[in-house]
1. Given the criterion within 30 Å of Gly170 (Cβ to Cβ) and modelled with pLDDT of 95 or more, identify the matching residue among Trp338, Trp348.
2. Here is a list of conditions, (1) within 30 Å of Phe202 (Cα to Cα); (2) within 16 Å of the ligand (Cβ to nearest atom); (3) buried (at least 20 other Cβ atoms within 10 Å of the Cβ), and Gln346 meets all of them except one; can you say which number that is?
3. Identify, by number, the condition in (1) within 16 Å of the ligand (Cβ to nearest atom); (2) in contact with a helix residue (DSSP H, G or I) (Cβ under 7 Å, 6 or more places away or on another chain); (3) not in a loop (DSSP other than H, G, I, E, B) that Cys389 doesn't meet.
4. Go through segment 72-102 and give me each residue that's touching an Asp or Glu at 6+ places or on another chain (Cβ under 9 Å) and closer than 27 Å to Thr360 by Cα.
5. Out of curiosity, is Ser133 near the ligand (Cβ under 9 Å from one of its atoms), touching a residue at least 40 places away in the same chain (Cβ under 8 Å) and assigned to a strand (DSSP E or B)?
6. If the requirement is being basic (Lys, Arg) and within 11 Å of the ligand (Cβ to nearest atom), which of these qualifies: Lys25, Lys41, Lys75, Lys94?
7. Suppose we keep only residues that are of a type in the set (Phe, Trp, Tyr) and more than 13 Å from the chain's Cα centre (by Cα) within segment 392-410. Which one would you say is nearest to the ligand (Cβ to nearest atom)?
8. Report, by residue number, each residue of segment 369-386 that is more than 7 Å from the ligand (Cβ to nearest atom) and touching a helix residue (DSSP H, G or I) at 6+ places or on another chain (Cβ under 7 Å).
Amino acid sequence: MSIRKIAIVGGGASGLVASIAASSKGSKVYILERLDRVGKKILATGNGRCNITNINTDITRFHGKDKSFINETLKQFDVPATIEFFEKLGVKCKIEDEGKAYPYSDQASSVLDVLRYEAERLGVIELCGCYVSQIKQKKGIFEIGIKDKEKLAVDKVIVAAGGKASPNLGSNGSGYDLVIPFGHKLIETFPALVQLKLDAPFLKALKGVKFEGTVTLGLGNKELQRESGEILYTDYGISGPPIFQLSRKAGEQLAVGRKPWLTVDMFRDFEYEELMEVLRKRMANACEKPLDFSFVGLINKRLIPILLKASGVIDIHKHCKEVSEEELKNICHKLKMWRFEVIGTQSWTEAQVTAGGIDTKDVNPNTMESKLVKGIYFAGEILDVDGDCGGFNLQWAWSSGYTAGKYASE
Ligand SMILES: Cc1cc2nc3c(=O)[nH]c(=O)nc-3n(C[C@H](O)[C@H](O)[C@H](O)COP(=O)(O)OP(=O)(O)OC[C@H]3O[C@@H](n4cnc5c(N)ncnc54)[C@H](O)[C@@H]3O)c2cc1C
């Protein structure tokens, strides 16, 4: 019997793991990667440290139309299996805050190195600079069309081409066009784990102001999500880990034409009344000081004139003794609940992941095989699956990649 040939479109996280799973079961595996090297995105993950997985992985941390599909696939190659897999390859994991797992080396490059080493050891053929432009099926054989190169004929194909996020690292949405002709549907995509654009005229002046705070996303009278952590104002809006966590929900609303709001609490350690007391005391202790100067040491200096003007104070240099209780309440309100309209997300270039993707209803969650065309498998972000920030997206890439590789080879 001849050896089964498998082509993997995309040498990212899911494609590399799929190649190892498939070749360890005896198949001849080709990785077709459009860039000049595989795994470029892995190098950028976790700020260069690669947040490889999360020991608190559960279905609530994932998004997509069909959560039970995601759950089934995660069970096929779960977090303990993933940690064991990487330990065998040489990457020892350490667990940090909120269950995030990183390699002990603190280097994303070590994750890529061991994956490539193992793939090479198993005889996987890495073909870089191969932009796959078409997949055709003829008499049970798949013909893979590659731009400016010869076609490749294989028995099975794993589409692991990623979504649209961070196209400079490889995934540019071209994977969707490869499978739509086979009848697969695309669930509308939008950038996730990304910064938010706010509607405020003074953002340029606030650029770079950083603080620990809490942000709340809402729509109409309803609070949608609340997150805390380091927040950063930028010239277009707002960034930081809590913003990334909210961005998926904000994107969902924006995609259907709704304008959600965001409130920012810059003093999350103080209740409103406690903060009022702090402000009253500061006014009383510095009654001859100019109002704007009285905030020095409490908030970032660049924030002071903007905060005071946004709170309706006309003369921001007046003496503290002249400040009314009403004005103080307005200032306190802004410090605890500054409200902005969210007018968009940053683009695909800045996004870490893709929300939406190929509809999972046409894919078998236990094998990752297409239900429409036998012999086509899916792995990773190309599917309508995305996770929160914290190692969940890579876990999806490992789980789906391993499952696709294993079953494509069986
Ligand atoms: C800056 C950044 C930091 C991140 N940090 C983390 C983190 O710490 N933890 C975490 O869990 N997640 C993180 N993520 C998300 C995570 O990296 C992705 O979800 C994951 O890499 C997706 O893997 P994938 O294999 O599905 O797709 P990708 O990694 O995008 O790989 C797809 C590959 O396919 C290739 N390709 C695309 N189209 C074609 C084609 N037509 N022909 C040939 N090749 C093609 C691309 O060049 C690419 O190499 C981060 C993402 C970014 C951008």
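The values are calculated or read from the model by the stated rules, or taken from the named source; none is laboratory data. Here the structure is a predicted model, which means the values were calculated and not measured. As a convention, Cβ positions derive from the backbone with ideal geometry for all residues, glycine included, and neighbour counts pool all protein chains shown.
1. Only one candidate passes the filter, namely Trp348.
2. All conditions pass for Gln346, except number (3).
3. All conditions pass for Cys389, except number (3).
4. The answer is Leu74, and nothing else.
5. Numbers: near the ligand (Cβ under 9 Å from one of its atoms): yes; touching a residue at least 40 places away in the same chain (Cβ under 8 Å): yes; assigned to a strand (DSSP E or B): yes.
For Ser133, the condition - near the ligand (Cβ under 9 Å from one of its atoms), touching a residue at least 40 places away in the same chain (Cβ under 8 Å) and assigned to a strand (DSSP E or B) - is met.
6. Working: Lys25 fails: within 11 Å of the ligand (Cβ to nearest atom); Lys75 fails: within 11 Å of the ligand (Cβ to nearest atom); Lys94 fails: within 11 Å of the ligand (Cβ to nearest atom).
On inspection, the qualifying residue turns out to be Lys41.
7. Of segment 392-410, the ones of a type in the set (Phe, Trp, Tyr) are 392, 396, 398, 402, 407.
Add one more test, that the residue is more than 13 Å from the chain's Cα centre (by Cα), and what stays is 398, 402, 407.
Values: Trp398: 9, Tyr402: 12, Tyr407: 17 Å.
Among residues in segment 392-410 that are of a type in the set (Phe, Trp, Tyr) and more than 13 Å from the chain's Cα centre (by Cα), the one nearest to the ligand (Cβ to nearest atom) is Trp398.
8. Just the residues of segment 369-386 that are more than 7 Å from the ligand (Cβ to nearest atom), to begin with: 369-378, 383-386.
Across segment 369-386, the qualifying residues are Glu369, Ser370, Lys371, Leu372, Val373, Ile376, Tyr377, Phe378, Leu383, Asp384, Val385, Asp386.
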